[in-house]
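Read-outs: derived from the displayed coordinates by stated rules, not from any lab. The shown structure was predicted, so the numbers you read here are calculated from the model rather than taken from an experiment. Note that each Cβ is placed from the backbone with ideal geometry, even for glycine, and that neighbours are counted across all protein chains shown.
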Amino acid sequence: MFIAFFYAKTVFKDYQDKSIFMASSLVGNTGNLGIPLGIALFGEASVPYTSILNIANLFFIYIFSVYFFAGNKFSFKKSLREIFKIPAIWFAVLAILYNYSGFTLNKDFDKLFTMGAYAAIVMQLVIFGIFMSQVKIKTANWRLSLNISLFKHIVLPLVGLYIILFFKIDPFVGAIIFLELIVPLAVNNVNLASLYNCKPIDTTFSVLISSIIFILFIYIYLLVIHNIFGL
């Protein structure tokens, strides 16, 4: 985050661009994309790790990202208040406590929540599609999008790789961490940018560019995982 802060301060003059960069460049789509990719590459043994990392990203998004997006609209104190208004924070804490206590859901309730989760994903993608329809390539904020992708897909993975190797993390866990660092931007950023009126169209375009670059880089990422972690 400190590296991202100084990067944003150097590159951007517009406050909203800085906010979007700080809010989105450090987290990716670790849920809808990261967990299935982990299963595809490392098997179901990766699910506990990808799930934990996804929860960590969830807290980052709904604490730091909310603060950065809201900071453009509110004062420091009001921005902090906005964080505690986000229902996802409280439900995530409740879910963790529920899981830690060893409780299990009745299969009918489990099915109900699963259906709700799938419905939420569909609605999220519908919202993303609505904003995508408003993106104009010629007038898009290329400076913001390309700098976010540069940081997200090159700087962040390199820093993460250095830390993984420096602390000699288990290769299996290290490969999963690296995978979760390289996934493209989360669509949640569009929702928050829209909620706080912080250039949602530019945020949408940044998600699109990040996804395209991820597709172009995926082969290189897989080579890194294979050659460095031996998986």
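A few points about this structure:
- Counting only lysines at least 8 places from K18 when in the same chain, those with an alpha carbon closer than 22 Å to its own are K9, K73, K77, K78, K136, K138, K152, K199.
- Each part reduced to its alpha carbon centroid, the stretch 47-100 and the stretch 152-231 end up 19 Å apart.
- Mean separation of Cα contacts under 8 Å, 6 or more apart, over the residue count of the chain: relative contact order %: 29 percent
- Shape category assigned to the stretch 57-137 from the gyration tensor of Cα positions, a/c cut at 1.5: oblate
- Mean separation of Cα contacts under 8 Å (6+ apart) over length of the stretch 141-231, as relative contact order %: 42 percent
- Fewest-first ordering of E44, E82, E180 by other beta carbons within 10 Å of each residue's beta carbon gives E44, E82, E180.
- Estimated from helices alone, the mean residue ellipticity of the chain at 222 nm is -23000 deg cm²/dmol (sum of -39500 (n - 2.57) over DSSP H runs with n ≥ 4, per residue).
- Kyte-Doolittle mean at least 1.6, axial Cα span of 30 Å or more - DSSP H helices of the chain: 200-229
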